[in-house]
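Before any comments, here is the structure.
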Amino acid sequence: MAIRKCSSNFGYVGHKSGGSMADGTSADADIPNYTFSTSQINVCGASTSAATLFPVANATVGNTYNMVASPAGGTFTVLSGPATINSSTGAITITGAGTIQVRYQITTGICPSSTQVSFTSTTPVPIRLEAFHVNRTKNGVVLDWITSKETNSRGFEIERSKDAQEWSTLAFVASQSENGNSIGRLYYNYTDEHPVAGKNYYRLKQVDYDGIFEYSGTKMINYGDKDEISIYPNPAKDNIHIDGLQVNDIVKIFDPSGRIVFENTAVLFSAELSISNLPKGIYYVEVIADNKIKAREKLVKMGTE
């Protein structure tokens, strides 16, 4: 509790000297007894009267939230950060990403008080990309991707690069969502009919109606002669990708003794193989077509530590 004042009546028995009790007199006096007046003391109970304010959880740009505070009747103020607030109701609108500081102040009653809270606002992710694949076909390179959620999405720019440094835009694929918003799966594809010879890097640039954009991860595929096989990454820990396959190509992985530890038949023009169960060490990957070896490459399997 907080004692606000105790002016003329106080609890005291004994002798005061030269105004030692600060009661407005300077004379010495004996105090054989005392009177105690509650009218001279105001006590504030912090648990019932002090201002309390709760921060906004998971605040995102463009949304409005009702801040919770007690007791009622106070004033809300944004002290700093990208937000505006209704001083009476506590309805706060997030206008940008960053740290927001809000004060709630009680100025009425016998116990004025105030409190402050801080919380962080973020920009909502415009899409949730569930899958993104690139595959080599006889007609070029096919890009397939799936979204499981879209917010204010205008669509996707398809970008390609030869070195993963300088990018060019191939096309724009409009969002399939209604008015840019969707909470279900949407399926997309695009065919690059003129890939460059050698390595082709692809990425998606998702753009929303406000001009905000976000890049996907980068995918690489080797395009050129049909017998040009690309195996990556190398060294690898969990998975390897093989591009340049033809349907019915046979992929084998050998350990140093020549024992086959993996074998599979290609059903697409690229494959992703799990090697997580293989011990750390050196292996050899072979791609076989018509009983002839199309490619053979040493593979370094990294440990899991």
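The values are calculated or read from the model by the stated rules, or taken from the named source; none is laboratory data. Please read all numbers here as calculations on a predicted model, not as lab measurements. When we count neighbours, we look across all protein chains shown, and the Cβ atoms used for this are built from the backbone with ideal geometry, even at glycine.
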Strands (runs of 3 or more DSSP E) within the range 192-305 that include 2 or more residues over 28 Å from the mean Cα position of the chain (by Cα) and either within 19 Å of ASN135 (Cα to Cα) or among the hydrophobic types (A, V, I, L, M, F, W, C) (or both): 198-208, 219-223, 230-232, 239-243, 250-254, 260-265, 270-274, 281-289, 292-301
So SER168, is it surrounded by 14 or more Cβ atoms within 10 Å (Cβ to Cβ) and either under 29 Å from ILE275 (Cβ atoms) or among the polar types (S, T, N, Q) (or both): no
Residues that are surrounded by fewer than 16 Cβ atoms within 10 Å (Cβ to Cβ) and in contact (Cβ under 8 Å) with a residue 60 or more places away in the chain, drawn from the range 87-114: GLY109, ILE110, SER114
Test: THR107 is at pLDDT 90 or above and of a type outside the set (Lys, Arg): no
Hits in the range 262-305 - residues which are loosely packed, with under 14 Cβ neighbours inside 10 Å, under 24 Å from ASN139 (Cα atoms) and not acidic (Asp, Glu): THR265, VAL267
Out of ILE293, ILE212, sole residue that is in the same structural domain as GLU157 (by TED's automatic domain parsing) and of a type in the set (A, V, I, L, M, F, W, C): ILE212
Every residue from the range 157-168 that is under 18 Å from ILE221 (Cβ atoms) and touching a strand residue (DSSP E or B) at 6+ places or on another chain (Cβ under 8 Å): ILE158, GLU159, ARG160, SER161, LYS162, ASP163, ALA164, TRP167, SER168
Selected residue (criterion: modelled with the highest pLDDT) from residues of the range 32-78 that are loosely packed, with under 13 Cβ neighbours inside 10 Å and on the phi > 0 side of the Ramachandran plot: GLY73
Those residues of the range 177-191 which are in a loop (DSSP other than H, G, I, E, B) and hydroxyl-bearing (Ser, Thr, Tyr), in sequence order: SER177
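Of the residues THR77, THR147, which is under 30 Å from SER216 (Cα atoms) and touching a residue at least 12 places away in the same chain (Cβ under 8 Å)? Step through it out loud before you land on a result.
Details: THR77 fails: under 30 Å from SER216 (Cα atoms).
Going through THR77, THR147 in turn, the sole match is THR147.
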